[in-house]
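Let me begin by presenting the structure, written as structure tokens, before commenting on it.
Laboratory data are not the source of any read-out in this text; all were calculated from the coordinates shown. None of the values given here were measured: they were computed from a predicted structure. With ideal geometry, Cβ positions are generated from the backbone for all residues, glycine too; neighbour counts draw on all protein chains shown.
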Amino acid sequence: MESPASQKEQWFVVGTLTKNKEIVIRDALTTDNVCCYVPLRYTIKVVKKQKQRMLVPAVNGLIFVRGTQDELKDYLQSSKYQLFLRKSTFSRKQDYLTVTDGAMHDFMRVMERAEEKVKFFKPDEIQLREGDKIIVKGGMFDGVEGYVMRIAGKRNKQLVVSIPEVTIAAVTLSPEMIELKERKENDKDNLRSKDVVGDTKRLTELSKRLLFSMPDKYCVEDEYNITKNEMQRIYHRLKPMKGVIAELEGRIALALYLASKALKEDEDYATERLLAAIKKIKETSILRLFLMLYHAYFTHDSEAGDKLRLIIGSWDGKYSEAQRRFIEEFDKLFPSKY
């Protein structure tokens, strides 16, 4: 007989033995409609001798997944990635690690608002004393439950939000956390892209995720917001850039067009740029077909969709790799009626 606990939907802690694949695994889970969350943080990386702010997993090998114990065990066993439900040391590995909805909510709120100022510790690196728990009133962390304490080497007080046995996130409660000065500096740094190809690819990926893969916002509200914030930064530094050749301009235009639909801003500008790019790209280009496909999808132009279907039919079943990718995307956006 199945226990009631195994049928209760809750947050579980999932570990992975596959290195540096947390974001890929997260995307695979959400594609399969599995509610999950990967804590992310900003870091500075050098790309083509230029510094870029990039989102990376905050804790290696750590993914939070919501569902029932039985459903998740079955799913993880069939996954191509090396995933497992982590067990609690408190119960001597007899029980699986779970996280309450309240603790996950507070943890995700801190992650969303703190950005690169968040500092992670292992549970044994900080001793949280009973009685230190507080609720923040006002400011960006309004309503978040946590602990206020001082960490060795830090002058300012820090808000600490912990998930028992898993990780602890600490952010400094100092004036600069809510000043607008830092945002203006970030905007100045991001006026123009220093890696057009990389930013174009990244913006396209994030836009597609937000438009087509992001599950119920109840599960990933904070992930949704942090993804949207990163998209806005890339969008505004990519917007003034022009492709020196038609194909590059087409890729930039497509990235801006998808982002404008996801962010719901600058849609007229992005549409005009997309249509202008379509005219400049040669008719035999697969990229041109992709631009036409997304425009037809968002304008609900079934006639344009039928024309694209005829083009696919003219390929006589002999497809290149690029044509296969186009057909796969076409079938998702314009599924056959039969």
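Tabulated results
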{"quantity": "Principal axis dimensions, the stretch 1-62 - Cα atoms, whole angstrom, descending", "calculated": "61, 21, 18"}
{"quantity": "Options GLN232, SER320, HIS295, ranked by Cα towards positive dipole end of the stretch 197-338, top entry (Cβ charges)", "calculated": "SER320"}
{"quantity": "Sites GLU272 and VAL47, calculated FRET efficiency, Cβ-Cβ separation with R0 45 Å, nearest 0.05", "calculated": "0.90"}
